[in-house]
1. Regarding the stretch 120-133, can at least one residue be identified that is under 29 Å from residue 84 (Cα atoms) and touching a strand residue (DSSP E or B) at 6+ places or on another chain (Cβ under 6 Å)?
2. Does the stretch 18-32 contain at least one residue that is at pLDDT below 75, under 18 Å from residue 229 (Cα atoms), surrounded by fewer than 24 Cβ atoms within 10 Å (Cβ to Cβ) and in contact with a strand residue (DSSP E or B) (Cβ under 9 Å, 6 or more places away or on another chain)?
3. Please work out if residue 176 is more than 16 Å from residue 247 (Cβ to Cβ), within 16 Å of the chain's Cα centre (by Cα) and without any contact (Cβ under 8 Å) to a residue 60 or more places away in the chain.
4. Quick check, is residue 103 at pLDDT 80 or above, over 16 Å from residue 141 (Cα atoms), surrounded by 24 or more Cβ atoms within 10 Å (Cβ to Cβ) and in contact with a strand residue (DSSP E or B) (Cβ under 8 Å, 6 or more places away or on another chain)?
5. Are any residues in the stretch 202-235 in contact (Cβ under 8 Å) with a residue 12 or more places away in the chain, within 15 Å of residue 151 (Cα to Cα) and surrounded by fewer than 23 Cβ atoms within 10 Å (Cβ to Cβ), and if so, which ones?
6. Name the helices (runs of 4 or more DSSP H) wholly within the stretch 142-250 that hold at least 3 residues that are at pLDDT 95 or above?
7. Take the conditions at pLDDT 90 or above and either under 17 Å from the mean Cα position of the chain (by Cα) or over 30 Å from residue 212 (Cβ atoms) (or both) and apply them to residue 136. Does it pass?
8. Condition first: without any contact (Cβ under 8 Å) to a residue 12 or more places away in the chain, more than 20 Å from residue 224 (Cα to Cα), in contact with a strand residue (DSSP E or B) (Cβ under 8 Å, 6 or more places away or on another chain) and in a helix (DSSP H, G or I). Can you find one or more residues in the stretch 73-83 that meet it?
């Protein structure tokens, strides 16, 4: 099944890395329960970025209450200047050790009715936004001699999986994320920067419910967040460049 939502749980940063920067898509209508952080008490130094300040403040507050440190930075990842400001804030961390790109939008429409504006917005946030964030993280990670990047694609972007109508722009953006991750892994290897992609099936998010109310999700945001935690807390180098499909019915 396709992923019509993105995980918005905030996984812990790697225990031996420096700062941790998750980039989420949290529009104002997002159900707050879908942004439940995973293992909040273990987050030591984090910048969390998304479009909605209220949702960001909620996540940061809960991390702080659990004994961690979090700085919310409202960011539109499709805006290059906004991403530059975000990473200028990240420069205050001791070391940017990990980046998770989980920002995403989905506007379903039949292919013949997909407007240029719909197409451009979807690719700008889902694909260009990930590119801008990964590029901004790459330089400080390379200077530090290490770094970990996790991107979020979808089964919608995986070859030979079932596709659904109305998702042309979304599917293309997720195919692109997988290719972007492979490219980062190749160029990051000399600098000990690992990049890995996670491609969930249907995740129980507000975006899924809006896009396809009839589709029954087989994954929760916490399921995907737990995998991201495990990836960031494990040796990634041997699997760098890989894409991990998460089948909802597995």
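1. yes
2. There is at least one residue in the stretch 18-32 that is at pLDDT below 75, under 18 Å from residue 229 (Cα atoms), surrounded by fewer than 24 Cβ atoms within 10 Å (Cβ to Cβ) and in contact with a strand residue (DSSP E or B) (Cβ under 9 Å, 6 or more places away or on another chain).
3. On the way: more than 16 Å from residue 247 (Cβ to Cβ): yes; within 16 Å of the chain's Cα centre (by Cα): yes; without any contact (Cβ under 8 Å) to a residue 60 or more places away in the chain: yes.
Yes, satisfied.
4. Spelling it out, residue 103 is indeed at pLDDT 80 or above, over 16 Å from residue 141 (Cα atoms), surrounded by 24 or more Cβ atoms within 10 Å (Cβ to Cβ) and in contact with a strand residue (DSSP E or B) (Cβ under 8 Å, 6 or more places away or on another chain).
5. 226, 227, 229, 231
6. Values: elements: 168-188, 206-211, 221-232.
Here the list reads 168-188.
7. The answer is yes for residue 136.
8. no
The values are calculated or read from the model by the stated rules, or taken from the named source; none is laboratory data. It should be emphasised that the depicted structure is a prediction, and the values quoted were computed from it without experimental measurement. Glycine also receives a Cβ, built like all others from the backbone with ideal geometry; neighbour counts cover every protein chain displayed.
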